[in-house]
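Colleague: Okay, here's the structure, questions in a sec.
The values are calculated or read from the model by the stated rules, or taken from the named source; none is laboratory data. Quantities reported herein were computed from a predicted structural model and do not represent experimental measurements. Neighbour counts are summed over all protein chains in view; Cβ atoms, including those assigned to glycine, are modelled from backbone coordinates with ideal geometry.
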Amino acid sequence: MSIKITVTVNGVKHTDKVEPRLLLVHYLRDVLRLTGTHVGCDTSGCGACTILVNGKATKSCTMLAVQADKAKVTTIEGIASNGELHPLQEGFNQCHGLQCGFCTPGIIMTACDLLKNNKKPSEEEIRVALEGNFCRCTGYENIVKSIQYAADKMSAPKARKTKKEATV
């Protein structure tokens, strides 16, 4: 038995027939071929599968694809815009917030939700937000710095471009 679902993923509407037991993480990876969302533990403990569902950080290994019917889903592939990295992606690059990178997409998606609700989180608030995301490579110092970098960049006033700069 298959169930028809319609999900908007990274701004693109997808309609597919799925088995009722298909996890959202496997729908994203195996059906839509969006492999940035990782399967780490299959128990929701590691956070590698974290995505945004209707703007809220969600572990996609704990949600069935049919539960995402009519939802707006954002994965790590969908946060950059116009060919430019999202400030969190840039922060992880600039501040060396990753090593192997396996946990990074889930951490970044958790941080997206955090920064949406808290423009200038403290170090403690960042660490609390990341409690459901495990990184086995780093000591989290540079992860926290990466998120602080993004928070600073996202809250900085936009520089006004001159007419000449705008045409370049």
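Colleague: When you scan region 93-116, how many residues do you find that are farther than 14 Å from CYS49 by Cβ, modelled with pLDDT of 95 or more and polar (S, T, N, Q)?
Modeller: Total satisfying the criteria: 2.
Colleague: Among (1) crowded, with 20+ Cβ neighbours inside 10 Å; (2) farther than 29 Å from MET154 by Cα; (3) among the β-branched types (Val, Ile, Thr); (4) in contact with a Pro (Cβ under 9 Å, 6 or more places away or on another chain), which single condition is ILE5 missing?
Modeller: Tallying (1) crowded, with 20+ Cβ neighbours inside 10 Å; (2) farther than 29 Å from MET154 by Cα; (3) among the β-branched types (Val, Ile, Thr); (4) in contact with a Pro (Cβ under 9 Å, 6 or more places away or on another chain), ILE5 fails exactly one: (4).
Colleague: If ARG33 satisfies every condition in (1) outside any strand (DSSP E or B); (2) surrounded by 13 or more Cβ atoms within 10 Å (Cβ to Cβ); (3) not assigned by TED's automatic domain parsing to the domain that holds ASN133 but one, which is the exception?
Modeller: (2)
Colleague: Now for a different question. Restricting to helices (runs of 4 or more DSSP H) lying wholly in region 49-133: which have 3 or more residues that are without any contact (Cβ under 8 Å) to a residue 24 or more places away in the chain and surrounded by fewer than 19 Cβ atoms within 10 Å (Cβ to Cβ)?
Modeller: Because the criterion is at least 3 residues that are without any contact (Cβ under 8 Å) to a residue 24 or more places away in the chain and surrounded by fewer than 19 Cβ atoms within 10 Å (Cβ to Cβ), the helices (runs of 4 or more DSSP H) in region 49-133 that meet it are 123-129.
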